[in-house]
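The values are calculated or read from the model by the stated rules, or taken from the named source; none is laboratory data. Since the model is a prediction, treat every value here as computed from it, not as a measurement. Don't worry about glycine lacking a Cβ; one is built from the backbone with ideal geometry, like all the others, and counts go over all protein chains shown.
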Amino acid sequence: MITRHLAILLALLLLASCGESRNKQRADVRKSFRQFSKAFFDRDAGTAAGYLSQRTFAYYDDRVIPLACNEDDAGLSTLPPLDLFSCLALRHRYPPEQLRELDSLKLVLDSFERMVFPAGAPHFLDIGTIRITTPGEEATASVLLAPGEWHEDILVTFRRENGEWKMDLTSVFDALARKIEPHLHDSSLSRAERALYYLQMHENEQIGSELLKPRN
């Protein structure tokens, strides 16, 4: 009987310990996001960039920048929505010679210095409920997106890298793509042309049709 009671007590202590650990991890995730936000709004681009996961940088280096340099209108029109928007935004912001020399770190620093998020990435104003998906390694949180709407079904992922929680901006792309894709269907226009129109409407940027031309 004593042994059974001890086992139950140990199990309860273990559960309490796990709960406390998860609570601390959630607090650390929120602290990381707040530090990122402070650096971002202070225009401290280098510090803000340090709170992004390596997966974010890899996405721009390995996928988006090469596509933006090389794809024509037909190629762009086959891309998922956020890839498409990212490429269009890069072509708008950088002339061809600069685009060919661009890397993800420069892209992120340039964006943060202008107080915008990197090409294609939504601007997170805040995070909501935090869930630890893999203790000590990964967490997710709902997001508040500009112009100020909570999206409980869109979750940003935080990954623990080098002992710190860092945000993977690309983790929301699949969920956002499902919301955006219906706006890109038009039998009279290519998806790239529809995406261009969508960007003009929602970002209020005058992006010229030259964005859709092939790059040499």
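The set of residues in segment 28-73 being β-branched (Val, Ile, Thr), over 30 Å from Ser190 (Cα atoms) and touching a residue at least 40 places away in the same chain (Cβ under 8 Å) consists of Val29 alone.
Here's the yes/no breakdown for (1) at pLDDT below 90; (2) touching a helix residue (DSSP H, G or I) at 6+ places or on another chain (Cβ under 8 Å):
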| position | (1), (2) |
| --- | --- |
| Ala68 | no, yes |
| Ala89 | yes, yes |
| Pro95 | no, no |
| Ser104 | no, yes |
| Glu113 | no, yes |
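Within segment 185-204, can one find any residue that is modelled with pLDDT under 90, within 12 Å of the chain's Cα centre (by Cα), surrounded by 15 or more Cβ atoms within 10 Å (Cβ to Cβ) and not polar (S, T, N, Q)? There is no residue in segment 185-204 that is modelled with pLDDT under 90, within 12 Å of the chain's Cα centre (by Cα), surrounded by 15 or more Cβ atoms within 10 Å (Cβ to Cβ) and not polar (S, T, N, Q). Going by what's in this entry, would Arg100 be described as in a helix (DSSP H, G or I), within 24 Å of Arg43 (Cα to Cα) and over 17 Å from the mean Cα position of the chain (by Cα)? No.
Among the residues of segment 112-119, is there at least one that is acidic (Asp, Glu), over 16 Å from Ala175 (Cα atoms) and assigned to a strand (DSSP E or B)? For segment 112-119, residues acidic (Asp, Glu), over 16 Å from Ala175 (Cα atoms) and assigned to a strand (DSSP E or B): absent. From the residues in segment 103-133 that are over 13 Å from the mean Cα position of the chain (by Cα) and among the aliphatic types (A, V, I, L, M), which one is farthest from Lys38 (Cα to Cα)? If we take residues in segment 103-133 being over 13 Å from the mean Cα position of the chain (by Cα) and among the aliphatic types (A, V, I, L, M), then Ile132 is farthest from Lys38 (Cα to Cα). Condition check: closer than 20 Å to Arg63 by Cα and either at pLDDT 95 or above or surrounded by 16 or more Cβ atoms within 10 Å (Cβ to Cβ) (or both). Does Phe173 satisfy that? Criteria met by Phe173.
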